[in-house]
């Protein structure tokens with residue numbers, strides 16, 4: 001297999017509140033021999049909120065980010081579902097609407113850039129599965145996750161709207177998603193089947209509709225717990241933040257004790273590939289997760 | 001052609017609100033051909049197995065919206081959804097369910113009054129003072145029609161409404177279908193109630209700011225109306241037309257510009273302080289403490305004048321692009 005090389009769009013959370021996401025992503029890439037160039041010029045994707053305020057501005061800024069991947073001639077990979085959605089939405093809008101593309105390029109020309117539409121945008125989860133390959137990952141597993149029942153939590157913005165994502169997510173069916181399950185299988189973990197795996201975590205209304213947010217996240221976690229999950233794993237750091245940070249608050253709202261470690265997808269892979277404790281960064285979790293590192297090889 | 005038929009067992013959720021204490025599931029064995037629809041399966045249950053099985057149906061052409069149900073939690077318009085496609089999707093195990101179990105009256109039939117109440121709230125019609133004896137028609141150009149996007153294709157089937165998780169938790173929320181109608185008539189150049197609708201849809205708990213951005217509505221719509229796209233347009237229109245009031249939700253949206261201009265990244269601590277206001281921060285002290293303890297945030301993050309944020313390369317480009325591209329303000 002020729003060496004894979006990607007331009008990594010880190011997003012904001014991996015540079016701030018979830019440093020463990022960035023360190024585990026880089027550790028996984030290193031173990032698998034995937035070359036990563038971090039797009040240090042890239043700005044925030046707007047996370048759907050900037051889009052609510054000013055959609056055109058959001059398109060201009062996202063197009064600028066993609067320009068830097070295009071300059072490198074690489075596929076842009078994301079490690080956040082919401083970054084993936086918003087970048088892909090700009091790409092789709094510009095690639096299908098020449099008038100909008102011209103307007104955006106008029107602005108970009110002012111800073112010496114041009115959006116061409118030559119780079120693909122893919123979440124790291126699907127780069128691992130569709131381009132690196134599950135069999136190849138399986139070959140690299142040094143500490144199988146067979147001790148763990150792992151609940152996959154897909155996160156909305158990688159699977160919906162399906163039409164937008166189909167070219168980059170291997171045609172994942174939003175009603176019956178399988179990618180994370182198959183990845184857990186490849187790492188020899190036990191995927192937990194539960195009905196909330198493709199539901200919303202409520203992150204985006206955390207501030208203005210807190211009750212809604214707590215109920216949605218709480219219901220999903222409780223469903224995973226009731227189906228014997230030892231941990232939950234998600235490809236989205238926003239799902240992670242919601243579901244890791246607020247377990248005691250959502251427990252109060254829905255009247256249940258909730259305690260479940262929530263891992264980032266790359267942390268789970270890093271665990272199976274034998275990456276170091278520091279690279280995994282489980283100490284950065286609010287819900288205690290450090291014991292997982294010791295339990296994995298027992 | 002009987003060889004082409006697939007032998008399956010279809011499950012249906014059964015409940016009669018007048019006589020049953022609890023719902024139950026019944027199984028029906030049948031053969032399904034490649035061109036059959038979910039509506040055909042329901043007809044077979046009623047005509048060949050159990051005449052008491054109840055569901056709504058009318059046009060059979062995907063235009064009246066009566067036969068919308070759920071199958072394994074997926075919203076479907078029964079007269080449009082191919083049965084084999086669905087059986088393939090769910091490994092031949094499907095259960096027919098009403099759109100909302102808590103609103104079930106009998107089997108697939110639900111009390112849809114909440115849907116119609118929400119719909120009525122947004123005044124889903126053109127509000128205009130029109131001469132009772134007009135000299136000419138009130139025509140729309142193709143461009144004016146296109147500005148409504150495809151919102152006029154909504155058939156009020158309720159697929160998005162009952163797929164919306166925000167609505168399930170917050171009963172005051174207008175929900176995707178009513179918000180599509182609000183956009184449809186606000187974007188209509190003949191209409192004069194746009195501002196009123198925008199004010200309604202800007203209200204906390206009721207309007208667009210309670211959308212959780214899950215895209216369930218976009219996935220559920222059998223007419224490909226993409227409700228969340230229209231919710232996004234309403235967000236933008238509130239700022240464009242000066243309807244948006246400064247509150248936690250609008251500051252959260254606009255606050256992104258402030259962070260991005262300064263760092264390129266979103267300043268996660270600042271966006272909470274800016275959205276809540278300093279007085280509102282007491283709500284977040286416990287969370288901040290938890291996050292600090294695990295090293296997710298640092299003590300200096302929320303303190304003004306101490307700059308601990310990372311910055312992107314070529315930040316000046318982003319600042320210039322904001323200056324020349326931003327069209328809205330709060």
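The values are calculated or read from the model by the stated rules, or taken from the named source; none is laboratory data. Remember, it's a predicted structure, so these values are computed and weren't measured experimentally. Cβ sites come from the backbone with ideal geometry, for glycine too, and all protein chains shown count toward neighbours.
Worth pointing out:
- Here is the figure for the range B:9-52: residues that are part of a loop (DSSP other than H, G, I, E, B) and touching a strand residue (DSSP E or B) at 6+ places or on another chain (Cβ under 7 Å) total 3.
- Considering the conditions (1) at pLDDT 95 or above; (2) more than 24 Å from residue B:327 (Cα to Cα); (3) more than 7 Å from chain A (Cβ to nearest Cβ); (4) assigned to a loop (DSSP other than H, G, I, E, B), residue B:190 is excluded by exactly one of them, (1).
For (1) without any contact (Cβ under 8 Å) to a residue 40 or more places away in the chain; (2) under 19 Å from residue B:112 (Cβ atoms), each residue gets a yes or a no:
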residue	(1), (2)
B:130	yes, no
B:138	no, no
B:145	yes, no
B:162	no, yes
B:165	no, yes
B:168	yes, yes
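- In this structure, residue A:213 does not satisfy being under 29 Å from residue B:211 (Cβ atoms), free of Cβ contacts under 8 Å to residues at least 24 places away in the same chain and not assigned by TED's automatic domain parsing to the domain that holds residue A:45.
- Residue in the range A:110-123 that is more than 24 Å from the chain's Cα centre (by Cα) and assigned to a helix (DSSP H, G or I) present: no
- Restricting the range A:109-141 to residues that are crowded, with 19+ Cβ neighbours inside 10 Å and within 14 Å of chain B (Cβ to nearest Cβ), the residue that is nearest to residue A:269 (Cα to Cα): A:115
- For the criterion of being at pLDDT below 95 and more than 12 Å from chain A (Cβ to nearest Cβ), residue B:246 passes.
- Residue B:153 meets all of the listed conditions (1) without any contact (Cβ under 8 Å) to a residue 12 or more places away in the chain; (2) within 30 Å of residue B:209 (Cα to Cα); (3) surrounded by fewer than 17 Cβ atoms within 10 Å (Cβ to Cβ) but one, namely (1).
- Within the range B:169-181, the set of residues being closer than 16 Å to residue B:116 by Cα and over 13 Å from the mean Cα position of the chain (by Cα) comprises B:171, B:172.
- Listing of helices (runs of 4 or more DSSP H) fully contained in the range B:253-329 that carry 3 or more residues being more than 7 Å from chain A (Cβ to nearest Cβ) and over 22 Å from residue A:49 (Cβ atoms): B:285-293
- For the range A:6-98, the helices (runs of 4 or more DSSP H) that sit wholly inside it and include 1 or more residues that are modelled with pLDDT of 95 or more and more than 9 Å from every other protein chain (Cβ to nearest Cβ) are A:19-32, A:55-72, A:81-96.
- Within the range B:283-309, residues that are on the phi > 0 side of the Ramachandran plot have Cβ atoms under 6 Å from residues that are modelled with pLDDT of 70 or more and surrounded by 15 or more Cβ atoms within 10 Å (Cβ to Cβ) in these pairs: B:295/A:284, counting only partners at least 6 apart in sequence or on another chain.
- Subset of the range B:209-227 [part of a helix (DSSP H, G or I) and within 8 Å of chain A (Cβ to nearest Cβ)]: B:209, B:210, B:216, B:218, B:219
- Yes/no for residue A:166 being within 14 Å of another protein chain (Cβ to nearest Cβ) and without any contact (Cβ under 8 Å) to a residue 40 or more places away in the chain: yes
- The criterion of at least 3 residues that are surrounded by 21 or more Cβ atoms within 10 Å (Cβ to Cβ) is met by the following strands (runs of 3 or more DSSP E) wholly inside the range B:62-141: B:68-71, B:74-77.
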